[in-house]
Amino acid sequence: MNRIILIILLAVNLLAAVIYLVFQISRGQKRKGLVIFLFLLFAPVVGGLFLLCAEGMNLLLFRRRDDRLNEAELSFSKNKIRVITDADIEKEADHVPVEEALLVSDKFSKRQVFLELLKKDDFENSLDTIKGAVENDDMEISHYAATFVTDAVNRYKKKELQMRVLCTESSASSDRIAYIRYLCEILGYHIFSIPEQRSYLSRLDEQMEALREENPFALDGEMLSDLISFWEEQGNSSKAEEWMHSARLLSEDDLEAAKLCLQYYYRHGQQREFFELLETVKQSSLELDNEALEWVRYYNN
């Protein structure tokens, strides 16, 4: 009787080991499946109970939500960490944020500091605050900010026109790509009027379409990410979805495109597409950054 029970247990153990091996191979994790298969063969029953307990603890303590995505903990934020090198330290030490300049109590000092800040080369980093200063209670600062914003808009428009003409006259893809990147940059400032923003966005879309027809792989994840986010801001989901197809084509070779697709699938609750692409990224030769690694580790099954 005991021998029969032992044979049954060994048969069940072998069947479980084979099923596990086949399951892992189907998921593209052949090495993991083979290791566990051998472990179950050499430690029948006990090995299965051990793995079952380990997986139970893993589900209980670490995978708080196995089938739901958590963007709060793992973000695809486009904000990059800026590393200040030795050459920048002296310059940065003398840099006063615009927000702090507007908190200076003395009106004359506040105006002087604000004017000095407007002379900085990296004023683009403070454009949102400068635009906000147009509504400042101090009429002088409001005037400075409005004049500065107007001048900045005119400079951007002038350069955009020059690059557009060059792009029209030139047949080089490099000129089109440079124009596309510049449009992405100035649209990101949100400094134009609503009709102008839409007009520049339409031009960006046209140039991206032309580039896609010339060479689909000349597009990259950063371009597509900007264009899709601009269309979503306009509430045009059909345009955003159209360009997502191009991003998906590039996702196995372009990390930014892959991250863009993963973020898009998360926002739209497309979990099957999310996990399929995540598995593809894991098996690809892409060099993952810290952000992508966090997603892979968190959802590693």
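The values are calculated or read from the model by the stated rules, or taken from the named source; none is laboratory data. This structure is a prediction, so every number in the text was calculated from the model and none was measured. Here Cβ is always computed from backbone atoms with ideal geometry, including for glycine, and neighbour counts include all displayed protein chains. Just the protein is used for accessible areas: all its heavy atoms, side chains included, with ligands, DNA and RNA removed. Shrake-Rupley method; radii C 1.70, N 1.55, O 1.52, S 1.80 Å.
What to note about this one:
- Test result for Ala210, surrounded by fewer than 16 Cβ atoms within 10 Å (Cβ to Cβ), assigned to a helix (DSSP H, G or I) and modelled with pLDDT of 90 or more: yes
- Among the residues making up the stretch 255-301, a single one is under 12 Å from the mean Cα position of the chain (by Cα) and not in a helix (DSSP H, G or I): Asp289.
- Search result, residues across the stretch 274-301 that are in contact (Cβ under 8 Å) with a residue 12 or more places away in the chain and charged (D, E, K, R): Glu279, Lys282, Glu287, Asp289, Glu291, Glu294
- Members of the stretch 256-273 that are buried (at least 20 other Cβ atoms within 10 Å of the Cβ) and either more than 21 Å from Leu227 (Cβ to Cβ) or among the basic types (Lys, Arg) (or both): Lys259
- Any hit, the stretch 218-230, residues being at pLDDT below 90 and surrounded by fewer than 16 Cβ atoms within 10 Å (Cβ to Cβ): yes
- Across the stretch 21-49, the qualifying residues are those that are open to solvent by 50 Å² or more (accessible area, probe 1.4 Å) and touching a residue at least 12 places away in the same chain (Cβ under 8 Å), and the one among them that is nearest to Phe275 (Cα to Cα) is Arg27.
- Identity of the residue in the stretch 150-183, of a type in the set (Gly, Ala, Ser) and in a helix (DSSP H, G or I), that ends up surrounded by the fewest Cβ atoms within 10 Å (Cβ to Cβ): Ser174
- From the list Val12, Val18, the one residue that fits, being open to solvent by 80 Å² or more (accessible area, probe 1.4 Å) and modelled with pLDDT of 75 or more, is Val12.
- Cβ-Cβ distances below 7 Å connect the following pairs, each with a first residue in the stretch 130-159 that is without any contact (Cβ under 8 Å) to a residue 12 or more places away in the chain, a second residue that is β-branched (Val, Ile, Thr), and a separation of six or more residues or different chains: Ser142/Val134.
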